[in-house]
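Input: a single structure, listed below in structure tokens.
The values are calculated or read from the model by the stated rules, or taken from the named source; none is laboratory data. The model shown is predicted, which means the values in this text are computed figures rather than measured ones. Virtual Cβ from ideal backbone geometry, glycine too; neighbours counted across all protein chains shown. Just the protein is used for accessible areas: all its heavy atoms, side chains included, with ligands, DNA and RNA removed. Shrake-Rupley method; radii C 1.70, N 1.55, O 1.52, S 1.80 Å.
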Amino acid sequence: MDEFETLAVHAGESADPETGALRLPLHMSTTFKLPPFGIKLFEALQMEGARAPHAYSRWSNPTLRALEDRLCALEGAPAAVVTATGMAAVSALVFTLLSSGDHLIASEVCYAGSVELFGIHLPRFGIQVSLVDTSDLDQVRAALRPNTRLIYAETPANPILRIADITGLAQIAHSAGALLAIDSTWAGPLVQRPLTLGADYVIHSLTKYLNGHGDALGGAVLGPLDGIHRIRREMLVHLGGALSPFNAWLIMRGLVTLPLRCERHNQSGLEVARFLEAHPKVSRVIYPGLESHPHHELAKRQMTGFGGMITFQLKDGLGAAINLAEKIRIFAYATSLGHAHSLLFYYPTDLYVDAAPYLVPEQKARIREWTGEGIVRVSVGLENVKDLIADLNQALNARTVKGVLGPAAYKLLKKMGK
Ligand SMILES: *Cc1c(COP(=O)(O)O)cnc(C)c1O
């Protein structure tokens with residue numbers, strides 16, 4: 001078996017037999033010439049799934065298939081389907097696996113698009129949803145119902161970096177006849193392999209670490225052949241969230257350097273986290289690689305590194321966060337993550353927890369205990385770590401503009417939808 005770094009360069013790609021071109025051709029064709037036996041071919045497509053001949057690019061396309069093959073090799077998965085965005089992957093998974101009357105258990109804190117889909121929209125279709133702290137196996141066990149079909153956890157969880165025990169969740173799911181899906185976007189396959197830890201499905205937003213350059217949206221679901229084939233047939237074809245071949249081509253190129261980039265994200269992430277933990281303006285740092293993280297031991301067991309995502313709290317709260325956002329120079333004040341370019345973003349707890357209609361007061365209190373007044377989410381990029389630390393240091397130490405900010409800044413953030 002080839003090693004990860006070799007697969008990142010080679011899997012899914014081979015020299016073009018006609019031209020000898022080593023790099024994967026970009027096939028923008030939407031349609032493919034078919035042998036003239038009409039309806040039978042479509043039957044064959046239904047049956048054969050991933051390896052069926054290409055007919056139409058919403059179903060499959062050679063450039064997309066190359067990316068699917070590379071992702072399978074990196075994640076150790078039997079099959080993959082790529083989608084237009086990470087959210088298209090999440091929605092394709094839940095709408096394929098769940099029907100009216102089924103029950104889903106999902107992380108109460110995860111990517112906002114996902115938790116809002118689960119908490120607000122799935123119930124409209126008669127799907128029962130329990131949102132729990134998936135880092136607490138007792139809560140997951142207690143939420144099981146006879147009709148539980150799927151447990152969905154994000155680990156590390158966006159944006160608060162709770163870690164969920166993948167093996168423990170798999171045991172709970174399987175003993176109840178349910179499936180386990182893990183959104184592994186924040187770790188990536190170099191750092192964490194949910195399928196080898198017992199999960200049935202893995203979700204990635206390819207937009208983040210896997211592409212790594214901040215220039216292409218994309219998503220993927222990886223898992224068993226029959227399940228992935230169902231997602232392609234039932235959801236890609238019907239909901240229509242197919243990936244652009246150009247984005248697939250960019251993401252293939254990004255994957256080549258995934259191992260190198262992730263090693264650097266792991267190293268710099270830990271250094272920046274240690275710097276922040278020692279900084280007098282910072283009240284709490286949440287990073288799975290720090291001994292102070294409540295799930296550090298678990299993270300050491302199931303991850304081979306701790307990534308470049310850090311969350312921290314400021315002693316002076318919102319005012320200090322606005323000040324930081326204004327003074328930061330190398331980091332961009334921006335959402336998203338996993339890019340070469342370092343990013344940071346502030347989440348006031350009031351806005352993202354108290355405003356959530358799907359959370360009960362007990363959950364809001366539990367999340368608030370973890371996040372305090374608000375958190376700065378940091379995506380440590382590939383710049384020199386000394387520059388990154390110096391940048392954070394100057395921005396944290398800059399004089400806080402007092403008084404002016406308070407409610408006005410708060411309103412501004414609300415207007416921005418964050
Ligand atoms: C960004 C993100 C998503 C959504 O991905 P898009 O490509 O933006 O649709 C899903 N899960 C996690 C953990 C994410 O960080």
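Key figures for this structure:
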read-out: Per residue value of the accessible surface for the chain (all protein chains in place, 1.4 Å probe), Å²; value: 42
read-out: Projected label distance in nm at residue 31 and residue 365, using a 7 Å step from Cα toward the beta-carbon; value: 6.2
read-out: Where only C-alpha atoms are counted, convex hull volume of the chain per residue in Å³; value: 146
read-out: Neighbourhood charge, 9 Å Cβ-Cβ cut-off, centred on residue 290 and excluding it, Lys, Arg +1 and Asp, Glu -1; value: -1
read-out: Helical contribution to [θ] at 222 nm, DSSP H n ≥ 4, -39,500 (n - 2.57), averaged over the chain, rounded to 500; value: -11000 deg cm²/dmol
read-out: Segment residue 390-residue 213, extension gain: residue separation times 0.36 nm, minus the distance between their alpha carbons; value: 61.4 nm
read-out: Peptides 51-61, 103-113 ordered by average Cβ neighbours within 10 Å, highest first; value: 103-113, 51-61
read-out: Förster radius 35 Å - calculated FRET efficiency between residue 112 and residue 15 (Cβ-Cβ, nearest 0.05); value: 0.25
read-out: Charge dipole (the chain, unit charges on Cβ, about Cα centre) - positive-most of 313, 265, 242; value: 313
read-out: Cα-Cα separations in the range 258-415 greater than 18 Å, expressed as whole percent; value: 60
read-out: Ordering of 309-315, 96-102 by packing [mean C-beta count within 10 Å, highest first]; value: 309-315, 96-102
read-out: Beta bridges per DSSP with both ends in the range 4-256, % antiparallel, nearest 5; value: 35
read-out: Pairs beyond 25 Å (Cα-Cα), from 300/327; 208/281; 208/300; 315/364; 300/364; 208/386; value: 300/327; 208/281; 300/364
